[in-house]
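Chemist: Structure in structure tokens, see below.
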Amino acid sequence: MVKSNNQHIYVGLGTLSVLLIGAFLVYKKQKSKKKPVAIVSQESIDLSAFDSPDLPGSGNCMDRHLIFMLQQLEALTGYPIFSWINSGARSPSHNRKVGGVSNSSHKMPTCKAVDIKAYSTSIRNNLVQAARDVGFKRIGVGRTFVHLDTDDLKSQYVAWGYPSGVPAEVNPFV
């Protein structure tokens, strides 16, 4: 059998093509893998942690999807999120007392917002990034707390600072 002088070139090009296609497929498969979802405990949550100080039992109005996302945040960070709740449900009078905006997502009956204590800048920044990874699309960044809400009637993929109008010190959406 007589071989062409260029046969080795064709074999080389074929091998190179197979390698490139294989590498591309491996790359696409890796890129399409979703981030692992934290396992969420089925323990019941003490909703009194979300009570407005002037209205015992008001934490029962908290949005269940918000609670689920907070459980995911706790599992992802290892922080005791439910022990660090600063503010959850707010009666209209308590909202006024703390200087909350009139359309606050904390206010009853909406109950779709929480403020979580952040004991250091590092914890605050970790909370902000992890909250974005869990799926929060509205994040307020204070010096000593992080506001998270699931109010889909408001702008999404936004972060803000406090006092109102100040840019967030860390913005996970940019």
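Chemist: Please verify whether Val114 is among the aliphatic types (A, V, I, L, M), surrounded by fewer than 19 Cβ atoms within 10 Å (Cβ to Cβ) and closer than 22 Å to Met62 by Cα, treating the condition exactly as stated. Steps first, please.
Modeler: On the way: among the aliphatic types (A, V, I, L, M): yes; surrounded by fewer than 19 Cβ atoms within 10 Å (Cβ to Cβ): no; closer than 22 Å to Met62 by Cα: yes.
Against the criterion (among the aliphatic types (A, V, I, L, M), surrounded by fewer than 19 Cβ atoms within 10 Å (Cβ to Cβ) and closer than 22 Å to Met62 by Cα), Val114 does not qualify.
Chemist: Search the range 28-49 for residues being assigned to a helix (DSSP H, G or I) and modelled with pLDDT of 80 or more, and hand back the single one that is farthest from Lys97 (Cα to Cα).
Modeler: As a first pass, look at the range 28-49 and keep what is assigned to a helix (DSSP H, G or I): 28-32, 47-49.
Okay, now just the ones that are also modelled with pLDDT of 80 or more, so 47-49.
Working: Leu47: 22, Ser48: 20, Ala49: 19 Å.
Out of the qualifying residues, it is Leu47.
Chemist: A further question follows. Here's a check for you: in the range 144-154, which residue that is under 18 Å from Leu66 (Cβ atoms) and part of a loop (DSSP other than H, G, I, E, B) is nearest to the chain's Cα centre (by Cα)?
Modeler: Result: Thr150.
Chemist: Inside the range 122-143, can you point out the residues that are part of a loop (DSSP other than H, G, I, E, B) and within 13 Å of Val170 (Cα to Cα)? It would help to see each step written out before you state the result.
Modeler: Step one: filter the range 122-143 for residues part of a loop (DSSP other than H, G, I, E, B), giving 135-137, 142-143.
If the condition is that a residue be part of a loop (DSSP other than H, G, I, E, B) and within 13 Å of Val170 (Cα to Cα), then Gly142, Arg143 are the ones that fit.
Chemist: Against the condition surrounded by fewer than 13 Cβ atoms within 10 Å (Cβ to Cβ), modelled with pLDDT of 95 or more and of a type outside the set (A, V, I, L, M, F, W, C), how does Ser52 come out, does it pass?
Modeler: Values: surrounded by fewer than 13 Cβ atoms within 10 Å (Cβ to Cβ): no; modelled with pLDDT of 95 or more: yes; of a type outside the set (A, V, I, L, M, F, W, C): yes.
It is false that Ser52 is surrounded by fewer than 13 Cβ atoms within 10 Å (Cβ to Cβ), modelled with pLDDT of 95 or more and of a type outside the set (A, V, I, L, M, F, W, C).
Chemist: Within the range 151-163, work out how many residues are touching a Gly at 6+ places or on another chain (Cβ under 9 Å) and touching a residue at least 24 places away in the same chain (Cβ under 8 Å).
Modeler: So the count comes out to 1.
Chemist: I need the full set of residues from the range 100-114 which are over 12 Å from Leu153 (Cα atoms) and in a loop (DSSP other than H, G, I, E, B), in order please. If you could, list the steps in order and put the result at the bottom.
Modeler: Residues of the range 100-114 that are over 12 Å from Leu153 (Cα atoms), as a first pass: 100-102, 106-109, 111, 113-114.
Those that are over 12 Å from Leu153 (Cα atoms) and in a loop (DSSP other than H, G, I, E, B): Gly100, Val101, Ser102, His106, Met108, Pro109, Cys111.
Chemist: Quick one: what pairs do we get from the range 60-84, first residue without any contact (Cβ under 8 Å) to a residue 60 or more places away in the chain, second of a type in the set (Ser, Thr, Tyr), C-beta under 7 Å, 6+ apart or different chains?
Modeler: Note: pairs meeting the criteria are Gln71/Ser41.
The values are calculated or read from the model by the stated rules, or taken from the named source; none is laboratory data. Remember, predicted model here, so these are calculated numbers, not experimental data. Here Cβ is always computed from backbone atoms with ideal geometry, including for glycine, and neighbour counts include all displayed protein chains.
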